[in-house]
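The values are calculated or read from the model by the stated rules, or taken from the named source; none is laboratory data. As the structure is a prediction and not an experimental result, all values here were calculated from the model. Ideal geometry is used to build each Cβ from the backbone, glycine not excepted, and the neighbour counts take in all protein chains shown.
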Amino acid sequence: MAKKQQADQATIDAAMAPNKPRLQTRYDDDVRGKLGEEFGVTNPMAQPTLDKITINVNMGRHLDGTKVPANVKNAVLHTLETITGQKPVMIAAKKSVSNFKVREGYETAAMVTLRRDRMWHFMDRLINLTTPRIKDFRGLNDKSFDRQGNYSMGLSEQGVFPEINMAEQSFTHGMNINFSFSNSDPKMSKFVLDELGMPFRKPVQKKAKK
């Protein structure tokens, strides 16, 4: 009787457990093995890890005196919260940049930092739902990696996200999206993102001269 109760409880616990994001499952079950074969890094603790995804919207050009207009600020914050499911924070400029109308100490940007499940779910939607909606999309730039293997990309308008109805938006704005890795370099990070389905631009094959 006790064994049956334990088995029933295990079944209930398994049913109630949150589903593991499918991109994380693919990384753990498939990409890790390929990393070992491709780069010789078989120890999971030494393999590249995607730590966080940061989404940033700069509003410096909308500064009116010392503040961003309320309608602009609220629109950007609403967009970020809608596409990430997480409340964004306002960021103050660390130094002044006259060309971009940025003044030190003034709030000029909004940012969301995603980790764990929300990070994986956002990345899944970005790859499979958002990038195909980009106008004249020919692939993402595969050169935008820094020395640590972090990757950056930009979007020119928020309307590429299915959650955003542009008919309800007061203005168009873009955003920067940064993928932060640890234990990585540009080659390994690109390999990981490629295997997870990131639609990088395909190299153009030159036609052979006859």
Original post:
Hey, among 198, 166, which residue is surrounded by fewer than 18 Cβ atoms within 10 Å (Cβ to Cβ) and either under 22 Å from residue 75 (Cα atoms) or not acidic (Asp, Glu) (or both)?
Top reply: 166
Original post:
So which of 168, 195, 157 is without any contact (Cβ under 8 Å) to a residue 12 or more places away in the chain and either in contact with a helix residue (DSSP H, G or I) (Cβ under 9 Å, 6 or more places away or on another chain) or farther than 27 Å from residue 33 by Cβ (or both)?
Top reply: 168
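This table checks each residue for (1) β-branched (Val, Ile, Thr); (2) assigned to a loop (DSSP other than H, G, I, E, B); (3) surrounded by 11 or more Cβ atoms within 10 Å (Cβ to Cβ); (4) modelled with pLDDT under 75.
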{"position": "3", "(1), (2), (3), (4)": "no, no, no, yes"}
{"position": "15", "(1), (2), (3), (4)": "no, no, no, yes"}
{"position": "30", "(1), (2), (3), (4)": "no, no, yes, no"}
{"position": "73", "(1), (2), (3), (4)": "no, no, yes, no"}
{"position": "82", "(1), (2), (3), (4)": "yes, no, yes, no"}
{"position": "87", "(1), (2), (3), (4)": "no, yes, no, no"}
{"position": "91", "(1), (2), (3), (4)": "yes, no, yes, no"}
**OP:** Check 23, 35 and return the single one that is within 30 Å of residue 91 (Cβ to Cβ), among the hydrophobic types (A, V, I, L, M, F, W, C) and either modelled with pLDDT under 95 or surrounded by 11 or more Cβ atoms within 10 Å (Cβ to Cβ) (or both).
**Re:** 23
Subject >> Filtered residues of the stretch 168-204 (kept if aromatic (Phe, Trp, Tyr), modelled with pLDDT under 95 and more than 18 Å from residue 130 (Cβ to Cβ)) >> reply: 171
Subject >> All positions within the stretch 93-117 that are out of contact with any helix residue (DSSP H, G or I) (no Cβ under 6 Å at 6 or more places or on another chain), in a helix (DSSP H, G or I) and at pLDDT below 85 >> reply: 98, 99
**OP:** Kindly indicate whether any position in the stretch 122-142 is of a type in the set (Asp, Glu), under 18 Å from the mean Cα position of the chain (by Cα), crowded, with 16+ Cβ neighbours inside 10 Å and at pLDDT 90 or above.
**Re:** yes
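Taking the condition farther than 27 Å from residue 94 by Cβ, among the basic types (Lys, Arg) and touching a residue at least 60 places away in the same chain (Cβ under 8 Å), does residue 125 pass?
Against the criterion (farther than 27 Å from residue 94 by Cβ, among the basic types (Lys, Arg) and touching a residue at least 60 places away in the same chain (Cβ under 8 Å)), residue 125 does not qualify.
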